[in-house]
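For reference, the structure discussed in these notes is given below.
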Amino acid sequence: MNKMISKIARHAAFAFLLTFQFAVQAQNNIKEPLTIEDKIKALLQKMTLEEKIGQMNQYNGFWEITGPAPAEGDAKKKYDHLRKGLVGAVLNVKGTTNVRKLQEIAVKETRLGIPLLFGYDVVHGHKTLFPIPLGEAASWDLESIERSARIAAIEASAAGINWTFAPMVDISRDARWGRVMEGAGEDTYLGTKIGIARIKGFQGDDLAANNTIAATAKHFAGYGFAEAGRDYNTVDVGTSTLYNIILPPFKAAVDAGVLTVMNSFNVLNGIPATANRFLQRDILKDKWDFKGFVVSDWGSGLEMIDHGFAKDLKQVAELSANAGSDMDMESYAYVAYLKEMVETGKVDIKTVDDAVKRILRVKFKLGLFDDPYKYCDAAREKELIYNPAHAVAALDVAKKSIVLLKNTPVKSNGRSLLPLNKKQQKIAVIGALADDKNSPLGSWRIGSDDNTAVSVMEGLKKYTSAITYAKGADLVIGKTDFINEVKINETDTSGFKAAVQLARNSDMVIMVLGEHGFQSGEGRSRTKLGLPGVQQQLLEAVYAVNKNLVLVLMNGRPLTINWAQENIPAIVETWQLGSQTGNAIAEVLFGDHNPSGKLPMTFPRSVGQVPIYYNYYSTGRPGPKPEVFWSHYTDESNKPLYPFGFGLSYTSFAYSDLRINSSNPAKITVTVTVKNTGSLEGTEVSQLYIRDKIASVVRPVKELKGFSRFSLKAGESRSIEFVLTPAELGFYDNNGNFITEPGDFDIMVGTNSEEGLKGSFMLK
């Protein structure tokens, strides 16, 4: 009987919470419906200090949810905390059955029945996978990028997830850093536009809908500038770089309505991001007026002890809360010690209240108080996961993400190898990645199913049966997974002989080489950027017997492929394209899709050039000069292998008639005529770069400030217009103030960051 009474009481508590606002409304004779802020205030008044702190606590999924409750250990402790209302969010729990069971505990068994947030890394799709974000950025197609995030949200929400830890808007100039695959590359302008598109895709037009999820702008801030490209390493940047390169994508994310921000693992100015008041309070919450909440990265609070910044978890709780970190992910500091910090006066209760308000605000905006189970429809899950329409969209953006790096005529017939002749006979396909259905899915795809990518071989076979495969050599040895190092084959060349023989007896060769999908991502930093293992040896051995060779690259970062650029007639950068990899590559190779991708990140000639990026500052000795006293390498060119924005087509484009109208300083127009001078329809991405020649803070030699993606039929011309406003012409000073200054500006409009028409104007 007592158990029954207790159960009834728990249900009654939740019912009271849902109707509380109406009671308040009636009591005060208020005609207008209560606002979200009213509801937050009313709920906060009912919460104990422990319950408030519970909202600030996030746990990883901790037991087999559909099985019995844990009886002992850490899992039992977490389970008990859940039933007591001491958990505000969980992560890595998916599937409607699992989510509903946990949500029912939170709603029905806790005193106030506050629903949970369910977080997950939905990075480039959930089940249906799109290209890795760096690859997708190569499309420069904001509509397609928004659509891919929209579909990712649809699938994730159908699986019970209501919060994604994406997009990563970190700017990075260092290809050694494995997480470059997770962002949009080196450029702040492009990265900002892509970040906004992805946030719009995840959060949609109606946050209360059951197919939208909360997005997270991460990692705040500076994570992409980890020293030496080594993950989790310290960050040391100047104020100009911080304000002009690192922070703008986050500011744009806030302006776009992103619901959450995740801090980062690194220190900045000697202070770990999780305890960095300057970042989280002074800039994010005060200056930018961010109304959402800040979540720590996994265990980043606890890591402050190893940083030498906090003595113990008590101090972690104190420093993190005071600095503005609202939710603690897997450090256990808040749930263990924040109450004590408040009671001893080291953390003001107002600080806790502010954090809880922010968390509750997100839950209300998502409509979880109206329907805690809105993401728990099993029929919807079955209908939308791997929906065929999603595969169509994945194929579309995968094709757009492919970058043609080289396509020069071969000596035998004076024609380019690409696009392939569909009647071509005896095609040899070589490389372990060509027949791989797992690696093309890329990294950070924890919700997906292994081996669900269309392989390159599968895609090619849809066009011709006259292909023969030889692996040549293993790329990896043993098992591959997300949490363990990938072991690369460095010695075994026993398969070379068969591959070389096949190449010798074939009309042409397609070699698929690059990185395994788990060679990039978190914790995957590299000091060497060439083809891993014995792949370079294999490439040279095959080329020695057949010069009609197309190199298809699969990788999660820029690579140093100098030998290939010098020798191989056709090179295609395909990144890791996700579920539709093989189909996308086949369509491009056979010419059913004309490649239009442009590099979002510079490709170096040597790892010694890294970090290398197009928007550098001019030195006082730019050169070149006949003597040695100028800024250069003695053993390598300053120039990249492929510049930012580079990408070829099966057709050609000519630029002419550059015109600049600067009569209105608030709206400067730049127009250019672009003509398709080839024989095929194609898509071009025109890019506009500026240089502020003289400024109070030195400006880069060029900065991307506009781009336009459009298609032209053979022989067709089009006038393309760009508009420059103070937003594009200004910059941040070293105090973080955005300013515009009169003076001379250079303009370049063209096909990449190094080729284009040049002009100038004076801003008055």
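With a 10 Å radius around each residue's Cβ, average the other Cβ atoms per peptide and rank 705-714, 99-108, highest first.
99-108, 705-714
Over all distinct alpha-carbon pairs, what is the Kirkwood Rh of region 253-370 in angstrom?
This gives a value of 14.3 Å.
Can you tell me the alpha carbon radius of gyration of region 363-453 divided by the globular rule-of-thumb value 2.2 N^0.38 Å?
The value comes to 1.77.
Cut-off is 10 Å between beta-carbons; in what order do Lys479, Lys365 appear when sorted fewest neighbours first?
So the residues, fewest neighbours to most, are Lys479, Lys365.
Taking every pair of alpha-carbon atoms in region 400-609, what share in percent sits in each 5 Å bin, from 0 to the bin with the longest distance?
1, 7, 16, 21, 22, 18, 10, 4, 1, 0
Assuming R0 = 41 Å, can you tell me the calculated FRET efficiency for the pair Thr408 and Lys479, based on Cβ-Cβ distance, to the nearest 0.05?
0.55
If you add up the charges near Ile283, with Lys and Arg at +1 and Asp and Glu at -1, over every other residue whose beta carbon is less than 10 angstrom from its beta carbon, what do you get?
For residues surrounding Ile283, the net value is +3.
Based on the Cβ-Cβ distance from Asp80 to Thr527, what FRET efficiency comes out when R0 is 51 Å, to the nearest 0.05?
It comes to 0.65.
Students often forget the sequence filter, so: which lysines lie under 27 Å Cα-Cα from Lys422 once same-chain residues fewer than 8 apart are removed?
Lys422 reaches Lys399, Lys400, Lys406, Lys411, Lys437, Lys461, Lys462, Lys471, Lys547, Lys598, Lys713.
Hey, can you rank 421-434, 248-261 by average C-beta count inside 10 Å, highest first?
Highest-to-lowest ranking by the protection proxy: 248-261, 421-434.
Checking understanding here: applying a Kyte-Doolittle mean of at least -0.5 and a length along the axis of at least 30 Å (C-alpha), which whole DSSP H helices in the chain pass?
Both cut-offs are met by 2-27.
Using a Förster distance of 45 angstrom, determine the FRET efficiency expected from the C-beta separation of Asp657 and Val237, and round it to 0.05.
Plugging the Cβ-Cβ distance into 1/(1 + (r/R0)^6) gives 0.65.
Any idea what Rg and Dmax come out to for the chain if you just take the C-alpha atoms, in Å?
27.5, 95
Using a 7 Å offset from the Cα along the Cα-to-Cβ direction at both Glu64 and Asp746, what is the distance between the two label points in nm, to one decimal?
6.6 nm
Rank by packing, highest mean first: peptides 587-596, 727-736, with packing defined as the count of other Cβ atoms within 10 Å averaged across residues.
587-596, 727-736
For Gly514, what residues show an amide H to amide H distance below 5 Å, using hydrogens built from the backbone and excluding near sequence neighbours?
Under 5 Å from the amide H of Gly514 lie the amide H atoms of Met554, each far enough along the sequence or on another chain.
Would you mind calculating the gained length between Asp635 and Asn737 on full extension (0.36 nm times residue separation, minus the Cα-Cα distance), in nm to one decimal?
Result for the pair: 32.6 nm of gain on full extension.
Roughly what would the spin-label model give for Glu340 and Ser719, points 7 Å off Cα along C-beta, in nm?
For Glu340 paired with Ser719, the spin-label model returns 7.3 nm.
Given points 7 Å out from each Cα along the Cα-Cβ axis, report the Asp38 to Val628 separation in nanometres with one decimal.
Each label point lies 7 Å from its Cα, and together they span 7.7 nm.
Give the separation of the Cα centroids, region 645-707 to region 320-379, in Å.
Centre-to-centre (Cα) distance: 46 Å.
For the chain, what does -39500 (n - 2.57) per DSSP helix run (n ≥ 4), summed and divided by total residues, give at 222 nm, in deg cm²/dmol to the nearest 500?
Dividing the helical sum by the residues of the chain leaves -8000 deg cm²/dmol.
Where a number appears in this text, it was derived from the coordinates with a stated rule and is not lab data. It should be emphasised that the depicted structure is a prediction, and the values quoted were computed from it without experimental measurement. Note that we place each Cβ from the backbone using ideal geometry, even for glycine, and neighbour counts take in every protein chain shown.
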